[in-house]
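A short write-up of the structure that comes next.
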Amino acid sequence: MHESTLALYPGSFDPITNGHINIIERGLKVFDRLIVGVATNIRKQQLFSPEERVMMIKETIGTNSKVEVVAFDGLLVDFARSRGVAAILRGLRAVSDFEFEFQMAHMNRRLGPNIETVFMMTGEDHFYVSSQLVREIARFQGDVSGVVPKPVAERLHQHFNK
Ligand code: PNS
């Protein structure tokens with residue numbers, strides 16, 4: 001019997017998009033279980049609090065015993081190690097993602113030699129979607145339905161139409 005494999009899918013998820021959901025769904029075909037790790041200490045300007053980001057992901061995924069959604073603080077590798085994950089899962093959209101991902105993967109391997117970073121190409125329907133663009137479009141009342149899950153579209157609407 002094979003040992004069950006656990007992967008960590010980390011990100012800012014500010015907010016989660018359909019591109020992220022695509023990676024989670026496909027990640028579950030490769031790994032038995034996933035931890036979706038919401039980073040709290042990101043450099044970027046945040047729209048939603050970590051609690052809100054976690055809640056939107058949970059609302060989108062619903063009950064799934066194979067997926068755990070948690071916020072984490074500090075270094076990714078430390079969190080990965082504390083949870084005993086075999087791999088870090090990251091989605092790649094375009095060449096523009098590559099340089100940063102390459103740096104992070106190497107740095108993370110230096111910091112945590114036993115944890116592999118595994119990349120998946122984001123689905124062709126989603127490769128141009130980013131949380132940053134979603135935030136900007138929603139801010140100016142543009143239509144983001146179709147690129148984000150319904151709970152996210154609703155929360156963005158509430159946020160910018162107060
Ligand atoms: O969704 P993002 O913003 O591309 O995700 C970036 C993330 C959260 C994976 C990255 O910022 C991260 O790992 N943050 C935790 C702090 C850390 O470990 N930094 C060193 C990375 S080499």
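The values are calculated or read from the model by the stated rules, or taken from the named source; none is laboratory data. These numbers were taken from a predicted model, which means no experiment stands behind them. Here Cβ is always computed from backbone atoms with ideal geometry, including for glycine, and neighbour counts include all displayed protein chains. Ligands, DNA and RNA are stripped out before the accessible areas are found, and what is left, the full protein with its side chains, is counted by its heavy atoms. Shrake-Rupley method; radii C 1.70, N 1.55, O 1.52, S 1.80 Å.
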- Item | Amide H contacts under 5 Å for residue 9, placed H, 5+ residues apart | 35, 36, 37, 89
- Can you tell me the dipole magnitude for the chain around its Cα centre, using point charges on the Cβ only (Lys, Arg +1; Asp, Glu -1), in Debye to the nearest 20? 200 debye
- Determine the per residue accessible area of the chain with all protein chains present and a 1.4 angstrom probe, expressed in square angstrom. 59 Å²
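For the chain, build the convex hull from the C-alpha positions and give me its volume per residue in Å³.
115 Å³
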- Query: Helix 95-111: angle to the longest alpha-carbon principal axis of the chain, degrees 0 to 90, nearest 10?
  - Reply: 40 degrees
- Over 22 Å between C-alpha atoms is what I'm after, so list which of 58/150; 44/150; 44/66 land there. 44/150; 44/66
- Quick one: Karplus J couplings for segment 50-58, per residue in order, coefficients 6.51, -1.76, 1.60, θ = phi - 60°, nearest Hz, x for Gly and Pro? x, 4, 5, 5, 5, 4, 5, 5, 5
- Determine the calculated [θ] at 222 nm for the chain from helices alone, applying -39500 (n - 2.57) to every DSSP H run no shorter than 4 residues and normalising by the residue count; nearest 500 deg cm²/dmol. -13000 deg cm²/dmol
- Item | Kirkwood estimate for segment 72-118, i.e. one over the average of 1/r between Cα atoms, Å | 11.1 Å
- Message: Compute the angle between helix 18-30 and the longest alpha-carbon principal axis of the chain, please, reported from 0 to 90 degrees and rounded to the nearest 10.
- Response: 30 degrees
- Using the alpha-carbon atoms, what tilt in degrees (0 to 90, nearest 10) does helix 150-160 show relative to the longest principal axis of the chain? 50 degrees
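Can you give the direction-averaged projected area of the convex hull of the alpha-carbon atoms in segment 55-148, in nm²?
The orientation-averaged projected area of the Cα hull of segment 55-148 comes to 7.6 nm².
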